[in-house]
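Undergrad: Before anything else, here's the structure in question.
The values are calculated or read from the model by the stated rules, or taken from the named source; none is laboratory data. Nothing here was measured: the structure is a model prediction, and the numbers come from that model. Using ideal geometry, Cβ is built from the backbone for each residue, glycine included, and neighbour counts are taken over all protein chains shown. Just so you know, the surface numbers come from the protein's heavy atoms only, side chains and all, with ligands and any DNA or RNA stripped out. Shrake-Rupley method; radii C 1.70, N 1.55, O 1.52, S 1.80 Å.
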Amino acid sequence: TQAPVNVTVTGAAGQIGYALLFRIASGQLLGPDTPVKLRLLEIPQAVKAAEGTAMELEDGAFPLLAGTDIFDDPKQAFEGANVALLVGARPRTKGMERGDLLEANGGIFKPQGEAINAGAADDIKVLVVGNPANTNALIARSHAPDVPAERFTAMTRLDHNRAIAQLARKLGVAVSEIRKMTIWGNHSATQYPDLFHAEVGGRIAAEAVNDEAWLANEFIPTVAKRGAAIIEARGASSAASAASAAIDHIHTWVNGTPEGDWTSMAVPSDGSYGVPEGLISSFPVTTRDGAYQIVQGLQIDDFSRARIDASVAELVEERDAVTKLGLV
Ligand code: NDP
């Protein structure tokens, strides 16, 4: 049998971690033939809670779970990591300025980038979930100069999945009929879910919907503000759906996109579609043999261009802010 794959999860005692870890242990991250070893990172005051989760993982008697170790030191947690899910982050609290938020997260993602650089396995794949995810990924990447830049990604798969679900509901079709959905830009309210390249049963989704007012005034804001709607309804932020999307992101990265389809990932830009090189921005990507490629050659009309540019401008501002703070 295969040697276990080391999966490091930060913020393991949090809400998303609680939903995520059991799905990893059950084999849904890497497939039914791949044993996993979990390496959990928490801040010291949350280590005890992580130990409780580890007890429950043990009680699951998962055949694929080769063990769970808990750390409060990033250097140890990322030692030998093949996959890293960076979920723990500093949430924005009342009265906190954006600069404070970025600075607090710099204090988390800089040492984690350094630890990945120092000790992760050669095939390390990093997914940042903790917000502001794109910029946190940028910070971590800039402190890991020996790791290929393209291994640092941020999650827009939940936005992607939400967009598919909203479109399927509008058209009364199964989610499985929708292909080529794209989220462009930042994982924030400025993100742009694109129906001009998505397909429904082979037709362009925007044409199948044929309702520009719905697209501009309902679809885009519903997808972008879905997180707030869930907090309002549930009294807590989305967790299981975020964990599910994290599983999807890594699973697709490792196992490939189906023929005739693609997914959305925030990845370091190579300059495609006018997105400044190096910014971690969401694109349509295909994946194969554990690597991804940005889909090339899509025609971008004025409606889409304006929205992509607005979200990318926000990423530029975030990058400039963390540059000023000396975090990248
Ligand atoms: P959650 O597990 O609910 O969320 C973790 C992060 O995921 C947050 O930054 C959150 O951003 C983000 N996120 C991204 N997408 C979504 C989404 N769709 N829905 C909800 N969240 C999303 O947070 P908890 O507070 O429950 O747990 C965080 C844990 O992280 C704590 O146990 C804490 O101790 C730990 N932590 C660990 C660190 C470390 O390992 N070094 C560092 C910092 C914290 P947003 O806040 O914007 O919703």
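Undergrad: Tally the residues that are at pLDDT below 95 and polar (S, T, N, Q), restricting the search to the range 169-195.
TA: Qualifying residue count, the range 169-195: 1.
Undergrad: Taking Gly67 as the residue in question, decide whether it is modelled with pLDDT of 95 or more and in a strand (DSSP E or B).
TA: Spelling it out, Gly67 is indeed modelled with pLDDT of 95 or more and in a strand (DSSP E or B).
Undergrad: So, restricting to strands (runs of 3 or more DSSP E) that lie completely within the range 210-309, which ones have at least 1 residues that are modelled with pLDDT under 95 and surrounded by 13 or more Cβ atoms within 10 Å (Cβ to Cβ)?
TA: none
Undergrad: I'd like the residue in the range 112-139 that is part of a helix (DSSP H, G or I) and open to solvent by 30 Å² or more (accessible area, probe 1.4 Å) and, out of all such residues, is farthest from Val5 (Cα to Cα).
TA: Glu114
Undergrad: Just one of Ala198, Ala149 is away from the ligand (no atom under 11 Å from the Cβ), at pLDDT 95 or above and surrounded by fewer than 22 Cβ atoms within 10 Å (Cβ to Cβ); which is it?
TA: After ruling out the rest, the residue left standing is Ala149.
Conditions tested, residue by residue: (1) open to solvent by 40 Å² or more (accessible area, probe 1.4 Å); (2) within 12 Å of the ligand (Cβ to nearest atom).
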| position | (1), (2) |
| --- | --- |
| Gln15 | yes, yes |
| Leu21 | no, yes |
| Asp33 | yes, no |
| Arg39 | no, yes |
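Undergrad: What are the residues in the range 89-111 that are within 10 Å of the ligand (Cβ to nearest atom), open to solvent by less than 20 Å² (accessible area, probe 1.4 Å) and under 26 Å from Ile247 (Cα atoms), if any?
TA: Within the range 89-111, Asn105, Phe109 qualify.
Undergrad: List the pairs whose first member sits in the range 152-179 and is of a type in the set (Val, Ile, Thr), whose second member is assigned to a helix (DSSP H, G or I) and within 16 Å of the ligand (Cβ to nearest atom), and whose Cβ atoms are under 7 Å apart, counting only residues at least 6 apart or on separate chains?
TA: Listed pairs, sorted by first residue: Thr153/Ala137; Val175/Ile164; Val175/Ala165; Ile178/Ile164.
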